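Remarks on the structure that follows.
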Amino acid sequence: MPASYAYLGPEGTFTEVALRTLPEAATRELIPYVSVQSALDAVRAGEAEAAFVPIENSVEGGITTTLDELVAGTPLMIYREVLLSITFALLVRPGTKLSDIKTVTAHPAAQPQVRNWLRTHLPDALWESAASNADGARLVQEGRYDAAFAGEFAAARYGLEALETGIHDAENAQTRFVLVGRPARPAAPTGADKTSVVLWQRDDHPGGLRDLLGEFATRGINLMLLQSRPTGAGIGNYCFCIDAEGHISDRRMAEALMGLKRICLQVRYLGSYPRADVQPGDVRPPFPGTSDEEFVGAADWVARCQDGRF
C-alpha cells in the first residue's frame, strides 16, 4: 500500500488544512483528488493508504456525498476524525469590486453557511456549485466566475484577493473530517471514542426506527448523529447513518451491535475511533447499569443461575 493520503482537492481546500493537523500527515505524500468519490475510490483501488474527506458540518449536518459513498460500494472504515472551525473569505481577481460580482461559486456545503451573508450583500448574484471551495477559487482565477467563497489562505495559491473575510452565518461553525481506510482491526479504545454504523431495516413497519434506536437507549448509549439516506430502491426506502458514543470493545456497544445485527436486514460497521471534541477525562461516566463491570457481573450472574449456584 503506497504511503500516501488522498484528499478532496485541489490544493488550498479546508480539507487540506484539516489533514495537515494530523501528525502522520507529515510522513505521507498528500495527493489531491477532484471529488470525495475519487479520493475514496483511490483507497478502494489500493492507490492510497487512506483518504481524508469532510463528513459533517455544524450548520447543515451530514455531508451527503461522503455518507452515500460510505454506505455503498466496497466497505471502508473510519480511523480518525478532525474538527476545523470554518470561516469564509470572498475571493476575487485583483481589482474586482463588490458591485462587479454577478456570479459566485463554492462547494455545495458552503452555501448554507453563507446564505444570509449572500442575501444581504450580493442578493442578485448567481450561485453555481464547484467540486470544492478551492476548485471554485481556481475557476475564478480562470475567469469562469466573479468570486468564490473559500478559505482566505487559498487566495495566494490562486492569485486572488480576499475582498471580504470572516464570512459566516453561524458563530463557531465547524466541519468534521474523517480519515478513511480499508477495513482492519480498529485502534484500541481511548475512553473517548465514537462508533459509526449504517443500518437497514428488514421492512417498513410502525416503530421500526424506535426498535433500532432502542438497542442503543436500553444500554445507555448516546447518539451523536442520526441521518437517513435513500437506498435507491424507491420512495420511502431509507437506511440510517448513526454515530454513537463508545467503542466496539465496550460491552454495551458490542451488545448493541449484536442486537442490531439480529433485527436489521444489514449492518455496516464504519469503525470505532477517537473523538475529536473531548478528552478521555471529560467523558461523562456510563449510566447506572451500563458499565463494562456491570455487564460482566450480569453475565456472571446468569451463568451461576444456569449452574444452579444462585
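The values are calculated or read from the model by the stated rules, or taken from the named source; none is laboratory data. Everything quoted here is computed from the prediction, not taken from an experiment. Because the Cβ atoms are built from the backbone with ideal geometry, glycine has one as well, and the counts that use them run over all protein chains shown. Keep in mind that these areas ignore ligands, DNA and RNA; they rest on the heavy atoms of the full protein, side chains included. Shrake-Rupley method; radii C 1.70, N 1.55, O 1.52, S 1.80 Å.
Of note:
- Neighbour net charge for GLN141 - beta-carbon separation under 12 angstrom, K R +1, D E -1: 0
- Apportionment of accessible area to carbon and sulfur, segment 1-116, percent (1.4 Å): 53 percent
- Extended-chain gain in nm, criterion 0.36 nm per residue less alpha-carbon gap, ALA298 and GLN37: 89.5 nm
- Crossing angle, helix 292-306 versus the chain [Cα axis fit, 0-90 degrees, rounded to tens]: 30 degrees
- Extension gain for the segment PHE287 to THR27, taken as residue separation times 0.36 nm less the Cα-Cα distance, is 89.5 nm to one decimal.
- The C-alpha atoms of the chain define a longest principal axis, and helix 111-121 lies at about 40 degrees to it.
- With every protein chain in place, segment 227-310: carbon and sulfur % of accessible area (1.4 Å): 56 percent
- Counting only protein heavy atoms and a 1.4 Å probe, the chain has 48 square angstrom of accessible area per residue.
- Estimated 222 nm signal from helices in the chain, with DSSP H stretches of n ≥ 4 weighted -39500 (n - 2.57), rounded to 500: -8000 deg cm²/dmol
- The chain: angle of helix 208-217 to the longest principal axis, Cα-based, in degrees nearest 10: 70 degrees
- Between ASN116 and ALA3, the distance separating the two model label sites (each 7 Å from Cα on the Cα→Cβ line) works out to 4.8 nm.
- Between segment 237-310 and segment 113-183, the Cα center-to-center distance that results, in Å: 40 Å
- Here's the picture: charge each Lys and Arg Cβ at +1 and each Asp and Glu Cβ at -1 in the chain, and of PRO286, ILE86, ASN237 the one pushed furthest to the positive end of that dipole is ASN237.
- Net charge of neighbours whose Cβ lies under 11 Å from the Cβ of ILE101, counting Lys and Arg as +1 and Asp and Glu as -1: -1
- Gyration tensor (alpha-carbon) shape descriptor, segment 162-310, a/c threshold 1.5: oblate
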